[in-house]
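S.K.: Attaching a single structure in structure tokens format; questions to follow.
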Amino acid sequence: MSGDYKFDTLSLHAGHVPDERHGSRAVPIHQTTSYVFKDTEHAAALYNQELGGHLYTRISNPTIAVLEQRIAALEGAVAATATASGMAALATAVLVLCSQGDHIVASSRMYGANINLLENTLPRFGITTSFVDPNDLAGIENAIQTNTKIIFGEVIGNPGLDIMDVEAIAKIAVSAGIPLMLDCTFNTPWLLKPIELGANLIIHSLTKWIGGHGVAIGGVVVDGGNFDWGQNDKFLTIAGPHYAMDGINFYEEFGPAAFTAKFRAEGMYNFGPSLSPTNAFHILQGMETLSLRMKCHMDNTAKMLKFLVGHDAVAWVRHPSLPDHPGHELAKRMMPRGAGSIIVFGLKGGRDAGRAFIESVELSSHLANVGDAKTLVIHPASTTHSHISAEAMVEGGLSDDMIRISIGLEDFTDIKADFELGFQAAAKKLKLKE
Amino acid sequence: MKHQLFDTNVHIATGGRTFSNEGQVLVFIHGSGQSHLTWILQSRYFAYRGYQVLAPDLPGHGLSGGTPLESIESMADWIIALLDSLEIKTACLVGHSQGCLVTIEAAARHPNLIARVGLIAGALAIPVNDHLLSLSDKALSKAIQAMISWGHGPMGHMHDNTQPGHSFLGFGNQLMAANNQNALKNDLIACNKYKNGKRAASKIQQPALCILAEKDKMTPLKFGQQMADALIRGQVTTIESAGHMLPAEFPAEVNTALRNFLNKTDKS
């Protein structure tokens with residue numbers, strides 16, 4: 001070959017070469033819990049990380065490994081480890097990096113479950129978080145304490161659609177000697193590869209655009225390999241003797257892949273947040289068309305924005321590609337192909353009109369997911385973000401009348417007609433109120 | 001382990017075991033712009049099979065301090081000094097790429113200290129083209145990307161890794177980027193000016209195994225074969241489909257070939 005394979009080729013092929021014995025062109029589903037060792041020496045070598053290979057599906061699996069290697073290839077990373085969900089990826093990554101008494105600086109504009117984990121669950125284990133407006137770079141810098149171990153945020157916030165300045169925040173992380181970990185579910189590597197801008201760890205919910213079909217839950221932690229875990233004494237469970245494998249020092253033994261080695265040896269081994277091989281297979285099927293789908297998502301998003309802006313029924317529309325969005329210029333610079341296919345908007349008539357809209361659309365599905373091939377609508381205040389406090393809602397940029405759309409791949413004429421149906425129902429509701 | 005040599009703090013991977021100079025010592029010598037991490041899947045493997053493993057980072061590489069050495073001869077001297085400082089009486093040297101030149105030079109000069117040699121993806125000379133030399137000086141990340149791309153075979157480019165979830169190209173890029181900024185440039189210049197390979201190889205009486213890669217673009221197979229032919233007791237194992245970075249791409253094949261060679265020479 002004349003050079004490195006390109007994105008579209010990698011999304012079809014990376015991580016998989018047909019095996020010589022069977023020649024299966026599609027990635028086989030290795031639906032097995034365990035693997036036969038050649039002999040006792042081989043078994044010991046696998047446990048001791050002397051050899052690559054699989055010993056138990058809680059830790060790794062050949063089908064899941066293809067998915068992981070494909071993601072690593074698309075992100076330009078050293079490695080990736082798949083988990084049962086995006087939340088499993090985040091929770092395990094935090095628990096692999098942090099201990100009791102540690103601290104995280106996180107964006108205040110994030111998915112409800114991300115906020116819940118950091119605000120309500122982790123403090124019970126002695127890990128606390130300071131939430132900061134992701135647009136406030138000085139605020140992020142000032143929130144860092146001596147015990148801070150991670151800066152965390154969503155590149156495109158859910159559902160407020162705030163845009164994080166990855167390059168600028170990565171510089172803050174470098175100065176503090178801590179990694180920048182980003183939830184990149186909304187951008188996917190097709191829109192942005194944050195490792196190239198200095199991010200160190202990437203989380204994806206694979207359930208969303210990367211899978212794209214809405215049939216399998218999955219997550220992944222991607223290791224950029226660009227963080228020096230030995231530069232200070234903050235990460236001694238990576239760059240110091242570990243209890244496993246004769247006191248292994250992951251940093252010295254595995255260098256750029258030290259985090260992944262620890263994630264697998266401790267995160268997967270002790271917490272067991274494993275993805276099922278069948279779900280890995282389903283997600284791989286989705287990944288094969290990631291580029292094609294993302295192009296269509298972006299096209300339909302542009303058409304939807306044109307339709308919504310200035311529509312009589314619509315009170316406001318927010319998307320980073322609109323010039324009045326505070327992150328517009330940043331989004332254009334960081335993600336020239338588009339800033340994702342989530343749009344949020346409010347209807348004239350507020351929450352009641354919104355409810356009438358959601359209950360009247362027929363083609364668009366009312367459900368708690370994003371990134372599906374089908375168009376989805378939801379009212380975040382009463383669903384995805386209902387478990388967070390009223391203060392956190394305001395801080396997160398959520399309003400009571402907000403409707404979130406995940407633009408699908410249907411013919412836009414049909415989506416538009418469906419929305420008109422919803423707008424008519426909302427208008428009727430508004431008239432009744434008057 | 002950490003070791004002090006010529007006022008430089010040297011990092012040496014020992015495969016996760018405490019090193020003792022009493023056993024059979026196996027020294028792995030990395031290539032241009034690389035580090036002990038070339039040998040991730042060799043150092044632990046051999047250390048847990050009874051060998052006393054040393055995979056040092058040359059000065060200015062990996063986790064070692066100091067500045068990169070400027071010639072193959074000085075690298076060979078440094079390896080010998082390292083063995084002396086650890087009071088090692090006899091050792092097997094295993095080199096990869098530039099490490100093969102260092103191994104050949106050291107083994108030719110110190111036949112009593114170096115009992116046998118393993119030469120992986122090597123040649124008698126490794127001339128470097130002007131474009132790559134220039135990139136290593138003026139655009140290091142481009143030089144690294146080019147070397148990592150050329151250095152991997154079809155399996156590497158397809159990210160088909162025996163280590164679950166790992167990308168060869170991603171790992172290779174970050175490994176090289178973590179080195180001293182001058183490491184790669186110095187190494188490439190050292191390779192380019194080294195002309196003593198043929199002469200040195202012809203003096204090596206010790207058993208030697210050349211493990212060559214069929215798809216090697218950096219030290220193509222025919223040059224590896226010439227290296228084997230120049231050695232008095234040279235043997236060859238060729239690994240199909242492998243690229244230059246075969247210790248990572250085909251670890252099982254490399255380890256088996258090396259282990260069989262070491263076992264055989266033990267008996268002979």
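S.K.: Suppose we filter A:Gly230, A:Gly224 for residues that are surrounded by fewer than 24 Cβ atoms within 10 Å (Cβ to Cβ) and not aromatic (Phe, Trp, Tyr); which single one remains? Write out each step before concluding.
M.R.: On the way: A:Gly224 fails: surrounded by fewer than 24 Cβ atoms within 10 Å (Cβ to Cβ).
The conditions single out A:Gly230.
S.K.: Out of the residues in the range B:1-44 meeting the condition of being within 18 Å of B:Phe168 (Cβ to Cβ), in contact (Cβ under 8 Å) with a residue 60 or more places away in the chain and not polar (S, T, N, Q), tell me which one is nearest to the other protein chains (Cβ to nearest Cβ).
M.R.: Top of the filtered list is B:Leu37.
S.K.: Condition (residue is modelled with pLDDT of 95 or more and closer than 25 Å to A:Glu154 by Cβ) applied to the range A:347-361: is it met by at least one residue?
M.R.: no
S.K.: Here is a further query. Could you list all residues from the range A:348-368 that are part of a loop (DSSP other than H, G, I, E, B), in contact (Cβ under 8 Å) with a residue 24 or more places away in the chain and surrounded by fewer than 19 Cβ atoms within 10 Å (Cβ to Cβ)?
M.R.: First, the residues of the range A:348-368 that are part of a loop (DSSP other than H, G, I, E, B): A:348-349, A:361-364, A:367-368.
From what's left, in contact (Cβ under 8 Å) with a residue 24 or more places away in the chain: A:348-349, A:361-364.
Across the range A:348-368, the qualifying residues are A:Lys348, A:Glu362, A:Leu363.
S.K.: Moving on. Looking only at the range A:21-55, count every residue that is within 11 Å of chain B (Cβ to nearest Cβ), outside any helix (DSSP H, G or I) and free of Cβ contacts under 8 Å to residues at least 12 places away in the same chain and tell me the total.
M.R.: 4
Results for (1) farther than 22 Å from A:Val221 by Cα; (2) more than 11 Å from every other protein chain (Cβ to nearest Cβ); (3) of a type outside the set (Lys, Arg); (4) under 20 Å from the mean Cα position of the chain (by Cα), shown as yes or no for each residue.
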| residue | (1), (2), (3), (4) |
| --- | --- |
| A:Ser11 | no, yes, yes, yes |
| A:Pro18 | yes, no, yes, no |
| A:Arg58 | no, yes, no, no |
| A:Ala65 | no, no, yes, yes |
| A:Arg70 | no, no, no, yes |
| A:Glu75 | no, no, yes, yes |
| A:Ala79 | no, no, yes, yes |
| A:Ala82 | no, no, yes, yes |
| A:Ser85 | no, yes, yes, yes |
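S.K.: Follow-up. Here are B:Ser241, B:Ser202: which of them is at positive phi, out of contact with any His (no Cβ under 6 Å at 6 or more places or on another chain) and among the polar types (S, T, N, Q)?
M.R.: Numbers: B:Ser202 fails: at positive phi.
That would be B:Ser241, the only listed residue that is at positive phi, out of contact with any His (no Cβ under 6 Å at 6 or more places or on another chain) and among the polar types (S, T, N, Q).
S.K.: Further question on the same structure: Out of all the residues in the range A:55-73, is one or more touching a Leu at 6+ places or on another chain (Cβ under 7 Å), surrounded by fewer than 21 Cβ atoms within 10 Å (Cβ to Cβ) and of a type in the set (A, V, I, L, M)?
M.R.: Yes: one or more hits.
S.K.: Out of (1) surrounded by fewer than 20 Cβ atoms within 10 Å (Cβ to Cβ); (2) more than 14 Å from every other protein chain (Cβ to nearest Cβ); (3) at pLDDT 95 or above, what's the single condition that is false for A:Gly310?
M.R.: Every condition holds for A:Gly310 apart from (3).
S.K.: Additional query: Give the residues of the range B:163-172 that are over 20 Å from A:Thr63 (Cβ atoms) and within 7 Å of another protein chain (Cβ to nearest Cβ), sorted by residue number.
M.R.: Here is the first cut: in the range B:163-172, the ones over 20 Å from A:Thr63 (Cβ atoms) are B:169-172.
Of everything in the range B:163-172, those that are over 20 Å from A:Thr63 (Cβ atoms) and within 7 Å of another protein chain (Cβ to nearest Cβ) turn out to be B:Leu169, B:Gly170, B:Phe171.
S.K.: What's the total number of residues in the range B:125-162 that are part of a loop (DSSP other than H, G, I, E, B), facing another protein chain (nearest Cβ under 8 Å) and either farther than 19 Å from A:Val17 by Cα or out of contact with any Pro (no Cβ under 7 Å at 6 or more places or on another chain) (or both)?
M.R.: Filtering the range B:125-162 for residues part of a loop (DSSP other than H, G, I, E, B) gives B:125-129, B:139, B:152-153, B:158-162.
From what's left, facing another protein chain (nearest Cβ under 8 Å): B:158-162.
Checking the rest, the ones that are also either farther than 19 Å from A:Val17 by Cα or out of contact with any Pro (no Cβ under 7 Å at 6 or more places or on another chain) (or both) come to B:158-161.
Residues that pass the stated criteria total 4.
S.K.: Could you check how many residues of the range A:221-260 are assigned to a helix (DSSP H, G or I), touching a strand residue (DSSP E or B) at 6+ places or on another chain (Cβ under 8 Å) and farther than 20 Å from A:Ala89 by Cβ?
M.R.: Final tally of qualifying residues: 2.
S.K.: A further question follows. Among B:Leu124, B:Leu82, B:Leu119, which is crowded, with 19+ Cβ neighbours inside 10 Å and over 30 Å from B:Lys215 (Cα atoms)?
M.R.: Values: B:Leu124 fails: over 30 Å from B:Lys215 (Cα atoms); B:Leu119 fails: over 30 Å from B:Lys215 (Cα atoms).
Result of the check over B:Leu124, B:Leu82, B:Leu119: B:Leu82.
S.K.: Still on this structure, I have one more. Against the conditions (1) more than 30 Å from A:Pro134 (Cα to Cα); (2) touching a Leu at 6+ places or on another chain (Cβ under 7 Å); (3) away from chain B (no Cβ under 12 Å), where does A:Met334 fall short? Just the number, please.
M.R.: (1)
S.K.: Another one. Does any residue of the range B:53-72 turn out to be within 14 Å of chain A (Cβ to nearest Cβ), without any contact (Cβ under 8 Å) to a residue 40 or more places away in the chain and within 21 Å of B:Met218 (Cα to Cα)? Show your work before the answer.
M.R.: First pass over the range B:53-72, keeping only residues within 14 Å of chain A (Cβ to nearest Cβ): B:53-57, B:61-65.
Narrowing further to those that are without any contact (Cβ under 8 Å) to a residue 40 or more places away in the chain: none.
Taking every residue of the range B:53-72 in turn, none turns out to be within 14 Å of chain A (Cβ to nearest Cβ), without any contact (Cβ under 8 Å) to a residue 40 or more places away in the chain and within 21 Å of B:Met218 (Cα to Cα).
The values are calculated or read from the model by the stated rules, or taken from the named source; none is laboratory data. Note that the structure is predicted; figures quoted are calculated from it, not measured. When we count neighbours, we look across all protein chains shown, and the Cβ atoms used for this are built from the backbone with ideal geometry, even at glycine.
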